[in-house]
Ligand code: PMT
(Lines give C-alpha, C1' and ligand atoms only; values in the text may rest on other atoms or scores of the structure.)
Protein backbone atom coordinates (compact mmCIF):
# COMPACT_ATOMS: atom_id res chain seq x y z
CA UNK A 1 0.00 0.00 0.00
CA UNK A 2 1.23 3.51 -0.87
CA UNK A 3 2.06 5.63 2.19
CA UNK A 4 -0.52 8.31 3.02
CA UNK A 5 1.44 11.07 4.75
CA UNK A 6 -1.63 13.33 4.89
CA UNK A 7 -4.15 10.73 6.11
CA UNK A 8 -7.02 12.35 8.00
CA UNK A 9 -6.03 15.93 7.14
CA UNK A 10 -8.60 18.36 5.75
CA UNK A 11 -7.53 20.60 2.84
CA UNK A 12 -9.49 23.54 1.46
CA UNK A 13 -8.10 24.76 -1.88
CA UNK A 14 -9.18 27.48 -4.29
CA UNK A 15 -8.57 27.00 -8.03
CA UNK A 16 -9.31 28.55 -11.39
CA UNK A 17 -10.22 32.12 -12.23
CA UNK A 18 -13.04 34.25 -10.89
CA UNK A 19 -15.45 36.09 -13.17
CA UNK A 20 -16.66 39.54 -12.19
CA UNK A 21 -19.82 40.57 -14.04
CA UNK A 22 -19.96 43.97 -15.76
CA UNK A 23 -23.47 43.41 -17.11
CA UNK A 24 -25.52 40.26 -17.85
CA UNK A 25 -23.29 39.30 -20.83
CA UNK A 26 -19.77 40.57 -19.99
CA UNK A 27 -17.22 39.97 -17.27
CA UNK A 28 -13.66 40.63 -16.10
CA UNK A 29 -11.50 37.52 -15.68
CA UNK A 30 -8.07 36.03 -16.47
CA UNK A 31 -6.40 33.05 -18.18
CA UNK A 32 -6.37 30.56 -15.28
CA UNK A 33 -7.51 27.12 -16.50
CA UNK A 34 -7.71 25.54 -13.06
CA UNK A 35 -5.14 22.85 -14.02
CA UNK A 36 -2.66 23.65 -11.23
CA UNK A 37 -5.28 23.80 -8.47
CA UNK A 38 -7.11 20.69 -9.66
CA UNK A 39 -3.80 18.78 -9.84
CA UNK A 40 -3.06 19.77 -6.23
CA UNK A 41 -6.56 18.74 -5.14
CA UNK A 42 -6.09 15.32 -6.82
CA UNK A 43 -2.58 14.83 -5.37
CA UNK A 44 -3.76 15.75 -1.87
CA UNK A 45 -6.64 13.26 -2.13
CA UNK A 46 -4.17 10.54 -3.18
CA UNK A 47 -1.98 11.38 -0.18
CA UNK A 48 -4.91 10.90 2.20
CA UNK A 49 -6.50 14.36 2.51
CA UNK A 50 -10.21 15.11 2.64
CA UNK A 51 -10.35 17.78 -0.05
CA UNK A 52 -12.79 20.68 -0.44
CA UNK A 53 -12.12 22.32 -3.83
CA UNK A 54 -13.52 25.83 -4.22
CA UNK A 55 -13.45 26.32 -7.97
CA UNK A 56 -14.02 29.28 -10.22
CA UNK A 57 -15.47 28.60 -13.70
CA UNK A 58 -13.27 26.06 -15.56
CA UNK A 59 -13.73 23.17 -17.98
CA UNK A 60 -12.16 20.38 -15.95
CA UNK A 61 -13.73 17.25 -14.48
CA UNK A 62 -13.81 17.11 -10.67
CA UNK A 63 -10.85 15.05 -9.41
CA UNK A 64 -11.74 11.62 -7.99
CA UNK A 65 -12.88 11.70 -4.37
CA UNK A 66 -12.76 15.51 -4.08
CA UNK A 67 -15.75 17.66 -2.99
CA UNK A 68 -16.08 20.47 -5.51
CA UNK A 69 -17.84 23.75 -4.73
CA UNK A 70 -18.40 25.83 -7.87
CA UNK A 71 -18.33 29.60 -7.54
CA UNK A 72 -18.16 32.50 -9.99
CA UNK A 73 -17.04 35.72 -8.28
CA UNK A 74 -14.35 36.58 -5.73
CA UNK A 75 -17.02 37.37 -3.13
CA UNK A 76 -18.58 33.91 -3.63
CA UNK A 77 -15.11 32.32 -3.42
CA UNK A 78 -14.52 34.12 -0.12
CA UNK A 79 -17.92 33.18 1.36
CA UNK A 80 -17.58 29.52 0.34
CA UNK A 81 -13.97 29.26 1.52
CA UNK A 82 -14.83 30.74 4.93
CA UNK A 83 -17.78 28.36 5.30
CA UNK A 84 -15.47 25.35 4.68
CA UNK A 85 -12.26 26.33 6.44
CA UNK A 86 -13.42 25.57 9.98
CA UNK A 87 -11.35 22.58 11.26
CA UNK A 88 -9.22 22.55 8.10
CA UNK A 89 -5.56 21.59 8.55
CA UNK A 90 -4.37 23.19 5.31
CA UNK A 91 -5.61 26.03 3.09
CA UNK A 92 -4.09 26.61 -0.35
CA UNK A 93 -4.96 29.67 -2.45
CA UNK A 94 -4.21 28.60 -6.02
CA UNK A 95 -7.05 30.55 -7.66
CA UNK A 96 -6.35 33.58 -9.80
CA UNK A 97 -8.86 35.79 -8.02
CA UNK A 98 -9.74 38.99 -9.89
CA UNK A 99 -8.32 41.86 -7.86
CA UNK A 100 -11.11 44.22 -8.98
CA UNK A 101 -14.78 44.06 -9.95
CA UNK A 102 -17.09 46.61 -11.57
CA UNK A 103 -18.21 49.13 -8.96
CA UNK A 104 -21.75 48.88 -10.36
CA UNK A 105 -23.08 45.84 -12.16
CA UNK A 106 -25.50 46.95 -14.91
CA UNK A 107 -28.94 45.30 -14.78
CA UNK A 108 -29.18 45.23 -18.59
CA UNK A 109 -26.71 44.84 -21.43
CA UNK A 110 -24.68 48.05 -21.79
CA UNK A 111 -25.33 49.59 -25.22
CA UNK A 112 -22.49 50.98 -27.29
CA UNK A 113 -22.69 54.72 -27.93
CA UNK A 114 -19.54 56.76 -27.24
CA UNK A 115 -16.19 55.91 -28.90
CA UNK A 116 -14.68 55.37 -25.47
CA UNK A 117 -16.17 54.32 -22.17
CA UNK A 118 -14.94 54.04 -18.60
CA UNK A 119 -15.80 51.31 -16.14
CA UNK A 120 -15.15 52.14 -12.51
CA UNK A 121 -13.58 49.24 -10.61
CA UNK A 122 -13.56 48.49 -6.92
CA UNK A 123 -11.18 46.19 -4.97
CA UNK A 124 -12.28 42.64 -4.30
CA UNK A 125 -11.79 41.00 -0.90
CA UNK A 126 -8.63 38.89 -0.56
CA UNK A 127 -9.64 35.27 0.05
CA UNK A 128 -6.17 34.09 1.11
CA UNK A 129 -5.47 36.99 3.47
CA UNK A 130 -8.94 36.58 5.03
CA UNK A 131 -8.24 32.92 5.83
CA UNK A 132 -4.76 33.76 7.13
CA UNK A 133 -6.29 36.38 9.46
CA UNK A 134 -8.58 33.87 11.22
CA UNK A 135 -7.87 33.22 14.91
CA UNK A 136 -7.80 29.45 14.51
CA UNK A 137 -6.32 29.18 11.07
CA UNK A 138 -5.07 26.24 9.03
CA UNK A 139 -1.50 25.98 7.67
CA UNK A 140 -1.96 28.65 5.01
CA UNK A 141 -0.23 28.44 1.62
CA UNK A 142 -0.45 31.12 -1.05
CA UNK A 143 0.60 31.27 -4.68
CA UNK A 144 2.35 34.21 -6.32
CA UNK A 145 1.98 34.76 -10.06
CA UNK A 146 4.83 37.07 -11.05
CA UNK A 147 6.51 38.25 -14.24
CA UNK A 148 9.67 39.73 -12.66
CA UNK A 149 11.59 39.84 -9.33
CA UNK A 150 9.86 36.58 -8.33
CA UNK A 151 11.60 36.07 -4.98
CA UNK A 152 11.21 39.67 -3.82
CA UNK A 153 7.48 39.86 -4.63
CA UNK A 154 6.77 36.36 -3.27
CA UNK A 155 8.48 37.08 0.06
CA UNK A 156 6.64 40.38 0.28
CA UNK A 157 3.28 38.60 -0.31
CA UNK A 158 4.10 35.92 2.27
CA UNK A 159 4.82 38.57 4.89
CA UNK A 160 1.98 40.96 3.99
CA UNK A 161 -0.65 38.20 3.90
CA UNK A 162 0.84 36.44 6.95
CA UNK A 163 1.33 33.05 5.21
CA UNK A 164 3.09 29.87 6.35
CA UNK A 165 4.33 29.17 2.81
CA UNK A 166 4.15 30.62 -0.69
CA UNK A 167 4.63 28.94 -4.10
CA UNK A 168 5.78 31.40 -6.72
CA UNK A 169 5.59 30.87 -10.48
CA UNK A 170 6.94 32.94 -13.34
CA UNK A 171 3.90 33.50 -15.54
CA UNK A 172 5.88 35.32 -18.24
CA UNK A 173 7.55 32.11 -19.51
CA UNK A 174 5.92 30.14 -22.32
CA UNK A 175 4.99 26.50 -21.69
CA UNK A 176 4.29 26.98 -17.98
CA UNK A 177 1.99 28.93 -15.69
CA UNK A 178 -1.48 29.95 -16.96
CA UNK A 179 -3.18 27.31 -19.10
CA UNK A 180 -0.10 25.10 -19.62
CA UNK A 181 0.23 21.43 -18.62
CA UNK A 182 3.59 22.10 -16.98
CA UNK A 183 4.82 24.47 -14.33
CA UNK A 184 7.83 25.24 -12.13
CA UNK A 185 7.61 26.61 -8.59
CA UNK A 186 9.88 28.41 -6.18
CA UNK A 187 8.50 27.62 -2.74
CA UNK A 188 9.34 29.86 0.24
CA UNK A 189 8.58 29.59 3.94
CA UNK A 190 9.85 31.85 6.73
CA UNK A 191 13.06 29.84 7.32
CA UNK A 192 13.82 28.41 3.89
CA UNK A 193 13.07 27.77 0.25
CA UNK A 194 13.00 24.98 -2.31
CA UNK A 195 12.83 24.98 -6.09
CA UNK A 196 10.46 22.50 -7.75
CA UNK A 197 11.78 22.18 -11.31
CA UNK A 198 9.65 22.31 -14.48
CA UNK A 199 7.38 19.25 -14.60
CA UNK A 200 3.82 18.22 -15.40
CA UNK A 201 1.43 19.97 -13.02
CA UNK A 202 0.33 16.54 -11.71
CA UNK A 203 3.89 15.59 -10.66
CA UNK A 204 4.59 19.06 -9.32
CA UNK A 205 1.39 18.96 -7.25
CA UNK A 206 2.51 15.78 -5.45
CA UNK A 207 5.91 17.35 -4.69
CA UNK A 208 4.25 20.47 -3.30
CA UNK A 209 1.89 18.46 -1.11
CA UNK A 210 4.79 16.34 0.24
CA UNK A 211 6.67 19.54 1.09
CA UNK A 212 3.59 20.89 2.88
CA UNK A 213 3.25 17.55 4.73
CA UNK A 214 6.83 17.89 6.07
CA UNK A 215 6.03 21.36 7.34
CA UNK A 216 2.65 20.76 8.96
CA UNK A 217 4.06 17.74 10.77
CA UNK A 218 6.78 20.01 12.19
CA UNK A 219 4.23 22.55 13.42
O1 PMT B 1 -5.01 27.59 -13.44
P2 PMT B 1 -3.79 27.32 -14.31
O3 PMT B 1 -4.04 27.66 -15.77
O4 PMT B 1 -3.24 25.94 -14.10
O5 PMT B 1 -2.62 28.35 -13.88
C6 PMT B 1 -2.06 28.24 -12.59
C7 PMT B 1 -1.82 29.61 -11.96
C8 PMT B 1 -0.76 30.37 -12.75
C9 PMT B 1 -3.12 30.44 -11.93
C10 PMT B 1 -1.34 29.33 -10.48
O11 PMT B 1 -0.16 28.59 -10.49
C12 PMT B 1 -1.15 30.64 -9.70
O13 PMT B 1 -0.13 31.30 -9.77
N14 PMT B 1 -2.19 31.03 -8.92
C15 PMT B 1 -2.24 32.33 -8.21
C16 PMT B 1 -2.65 33.39 -9.18
C17 PMT B 1 -2.74 34.75 -8.55
O18 PMT B 1 -3.76 35.38 -8.59
O19 PMT B 1 -1.63 35.19 -7.94
P20 PMT B 1 -1.44 36.60 -7.21
O21 PMT B 1 0.02 36.76 -7.05
O22 PMT B 1 -2.20 37.71 -7.90
O23 PMT B 1 -2.14 36.39 -5.79
C24 PMT B 1 -1.43 36.02 -4.63
C25 PMT B 1 -2.23 35.06 -3.79
O26 PMT B 1 -3.38 35.73 -3.22
C27 PMT B 1 -2.77 33.83 -4.52
O28 PMT B 1 -2.66 32.74 -3.62
C29 PMT B 1 -4.23 34.18 -4.77
O30 PMT B 1 -5.05 33.02 -4.80
C31 PMT B 1 -4.57 35.04 -3.56
N32 PMT B 1 -5.60 36.07 -3.78
C33 PMT B 1 -5.36 37.14 -4.58
C34 PMT B 1 -6.30 38.14 -4.72
C35 PMT B 1 -7.54 38.01 -4.04
N36 PMT B 1 -8.49 38.92 -4.15
N37 PMT B 1 -7.77 36.93 -3.26
C38 PMT B 1 -6.82 35.96 -3.12
O39 PMT B 1 -7.06 34.98 -2.41
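Taking the condition closer than 27 Å to residue 86 by Cβ, within 13 Å of the ligand (Cβ to nearest atom) and either without any contact (Cβ under 8 Å) to a residue 40 or more places away in the chain or assigned to a loop (DSSP other than H, G, I, E, B) (or both), does residue 187 pass? For residue 187, the condition - closer than 27 Å to residue 86 by Cβ, within 13 Å of the ligand (Cβ to nearest atom) and either without any contact (Cβ under 8 Å) to a residue 40 or more places away in the chain or assigned to a loop (DSSP other than H, G, I, E, B) (or both) - is met. The set of residues in the stretch 75-106 being over 25 Å from residue 5 (Cα atoms), more than 13 Å from the ligand (Cβ to nearest atom) and touching a residue at least 60 places away in the same chain (Cβ under 8 Å) consists of 102, 105, 106. Of the candidates 47, 6, 11, the single residue that is on the phi < 0 side of the Ramachandran plot, surrounded by 23 or more Cβ atoms within 10 Å (Cβ to Cβ), over 16 Å from the mean Cα position of the chain (by Cα) and in contact (Cβ under 8 Å) with a residue 60 or more places away in the chain is 6. Can you work out which of the residues in the stretch 134-179 that are surrounded by 17 or more Cβ atoms within 10 Å (Cβ to Cβ) and in a loop (DSSP other than H, G, I, E, B) is farthest from the ligand (Cβ to nearest atom)? Ranking the qualifying residues of the stretch 134-179, first place goes to 138.
A quick yes/no check of all residues on (1) in contact with a strand residue (DSSP E or B) (Cβ under 6 Å, 6 or more places away or on another chain); (2) at pLDDT below 95; (3) not in a strand (DSSP E or B):
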position	(1), (2), (3)
60	no, no, yes
81	yes, no, yes
92	yes, no, no
98	yes, no, yes
112	no, yes, yes
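Taking the stretch 20-49 as the range and being more than 13 Å from the ligand (Cβ to nearest atom) and under 21 Å from residue 143 (Cα atoms) as the test, the residues that pass are 43, 44, 45, 47, 49.
Here is the figure for the stretch 1-19: residues that are out of contact with any helix residue (DSSP H, G or I) (no Cβ under 8 Å at 6 or more places or on another chain) and near the ligand (Cβ under 8 Å from one of its atoms) total 1.
The condition of being more than 25 Å from residue 60 (Cα to Cα) and touching a residue at least 60 places away in the same chain (Cβ under 8 Å) holds for only one of 154, 213, 115, that being 213.
The values are calculated or read from the model by the stated rules, or taken from the named source; none is laboratory data. Here the structure is a predicted model, which means the values were calculated and not measured. A quick note on method: Cβ atoms are made from the backbone with ideal geometry, for glycine too, and the neighbour counts reach across all protein chains shown.
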